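The values are calculated or read from the model by the stated rules, or taken from the named source; none is laboratory data. The shown structure was predicted, so the numbers you read here are calculated from the model rather than taken from an experiment. Glycine also receives a Cβ, built like all others from the backbone with ideal geometry; neighbour counts cover every protein chain displayed.
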Amino acid sequence: MSSINQIDMLICSMANYLNHHLKTQNRDDVLMVGIQTGGVWVAERLHALLKLPKPLGQLNIAFYRDDFSRIGLHPHVKPSSLPLEVENHHIILVDDVLHTGRTIRAALNEIFDYGRPASVTLAVLVERNGRELPIQPDIIGCSLCVEPGKHIKLCGPDPLSLEIRTLHE
């Protein structure tokens, strides 16, 4: 799964599905937002493939997490950057790995602090088992079942690769 060609093929497939989704939903004026860090790497590639005219936004959801006691604060928190208002815009939210759903919940909380979007489409490179919240992606690169105690990590930015690691590795 970690070869460069396979990841590029997954992202191209996601771009095709996203393009179809946007056309069927009649959405041609969208704002793409990547979740730092891996989601931004995937979003940059999708943004370029789709040739979206609006600049790419970036979210840092560190202060919106509900699991500080488990993961701790990261000392190098970068601010979010949303180039446009989200109010009444159709948002494509992009992340690298959807696991528990807590990252997406935090991202939605932050987006709604900026305004009320018309809609949010969720695109993830990897969907894995172990969901704790009822969050479902609209666009998926691939689905993987990973045993408990394992973690999927997107490494990059150039080239992108996926690694399966033991937690706390």
Picking from S161, S143, the residue that is surrounded by 13 or more Cβ atoms within 10 Å (Cβ to Cβ) and of a type in the set (S, T, N, Q) would be S161
Take region 115-126 and flag every residue that is surrounded by fewer than 18 Cβ atoms within 10 Å (Cβ to Cβ) and not polar (S, T, N, Q). G115, R116, A118
Across (1) under 27 Å from V146 (Cα atoms); (2) surrounded by 12 or more Cβ atoms within 10 Å (Cβ to Cβ); (3) modelled with pLDDT under 95, I35 clears everything bar (3)
Would you tally the residues in region 26-36 being touching a strand residue (DSSP E or B) at 6+ places or on another chain (Cβ under 8 Å) and farther than 15 Å from E110 by Cβ? 4
